[in-house]
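Input: a single structure, listed below in structure tokens.
Bear in mind these aren't lab numbers, they're just calculated from the coordinates by the rules spelled out. All of these numbers come straight from a predicted model, not from anything done at the bench. Heads up, the Cβs are rebuilt from the backbone with ideal geometry, glycines too, and the neighbour counts pull from every protein chain shown.
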């Protein structure tokens, strides 16, 4: 049975960061399949707009700070009371602050939301997923980032948070491999979301190179149908092949004992470009 079979009428989805962008697009995908949806976010304005957009008695919104474990416990009780147990859990909430060394708030705020928001969600719900009947499929999707793999310079805290999220998802996939719960790491490409100016109600036009959030949701569904753990989305500027070459070069820094982040070091620029140009996959 395909992991995408979790998208079925009567099943319950819980989506963090669900009031806009990719989270909202996945909530709309869930509703197309007749699912009940708990939309979790920490923005009252976008939550109200999401409620209006989704317009269904089978949708409820929850204002939750995912970095606070105690709020997760209350959330679980509220959702289960209204909809029953969660079948599809998507841990998608994240922030994209900018900062640098010596900026304690920058590191703390990003890690508390992007990393501990995921840890809190997993620790709250995974024990219940482990007890699910093997007859009924369930799924957990965690939203990562290409920056957690290729690690471009300029945003150390964000990259570190997404790198850690990747590791958590990989371990969770292994730990649940003999269960009815599939685990997937969603890695969007350039997507027009609130983090890039595409928040609900924005008049800003989508850049030509970016995907719509709905394209990411559809691509996620396709890859889940194919039983893929790594869901690495291309966009209109970056192909799947280009992504893979960038990842292979990044791993090569370790294997070939180069300094880190050589793709961006001037002394390696020509070598990296020539390697990628001739590399075939």
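Shape call for segment 44-129 from the C-alpha gyration tensor, a ≥ b ≥ c root eigenvalues: rounded (a/c under 1.5), prolate (a/b greater than b/c) or oblate?
oblate
Provide the FRET efficiency to the nearest 0.05 for the residue 273-residue 170 pair, computing r from the beta carbons and using R0 = 25 Å.
After rounding, the FRET efficiency stands at 0.25.
Taking the Cα atoms only, what angle lies between the long axis of helix 156-175 and the longest principal axis of the chain, rounded to 10 degrees?
60
Residue 103 versus residue 261, label points 7 Å from Cα toward the beta carbon: distance in nm?
Label-label distance for residue 103 and residue 261, simple model: 1.4 nm.
Which value in deg cm²/dmol, rounded to the nearest 500, describes the helix-derived mean residue ellipticity at 222 nm for the chain, given -39,500 (n - 2.57) per DSSP H run of n ≥ 4 and division by the residue count?
Helix-only estimate at 222 nm: -13500 deg cm²/dmol.
With the cut-off at 1.5 for a/c, could you classify segment 125-281 from its C-alpha gyration tensor as rounded, prolate or oblate?
Since a/c reaches 1.5 but b/c is at least a/b, the shape of segment 125-281 is classed as oblate.
Angle between the Cα long axis of helix 213-225 and the longest principal axis of the chain, 0 to 90 degrees, nearest 10?
Between helix and principal axis, roughly 80 degrees.
Just to be sure I understand: with springs between alpha-carbon atoms less than 10 Å apart, which residue in 93, 13, 210 has the highest mean-square fluctuation in the Gaussian network model of the chain?
In this elastic network of the chain, the residue with the biggest mean-square fluctuation among 93, 13, 210 is 210.
Using the 2.2 N^0.38 Å rule of thumb for compact globular proteins, work out how the chain stacks up: its C-alpha Rg over that value, please.
After normalising by residue count via 2.2 N^0.38 Å, the value is 1.01.
If you count, for each residue, the other Cβ atoms within 10 Å and average over each peptide, how do 18-31, 245-258 line up from highest to lowest?
Listed from highest to lowest mean packing, they are 18-31, 245-258.
Considering only 261, 168, 89, give the residue with the highest GNM mean-square fluctuation for the chain, with springs between Cα atoms whenever their separation is below 10 Å.
Maximum among the listed residues: 261.
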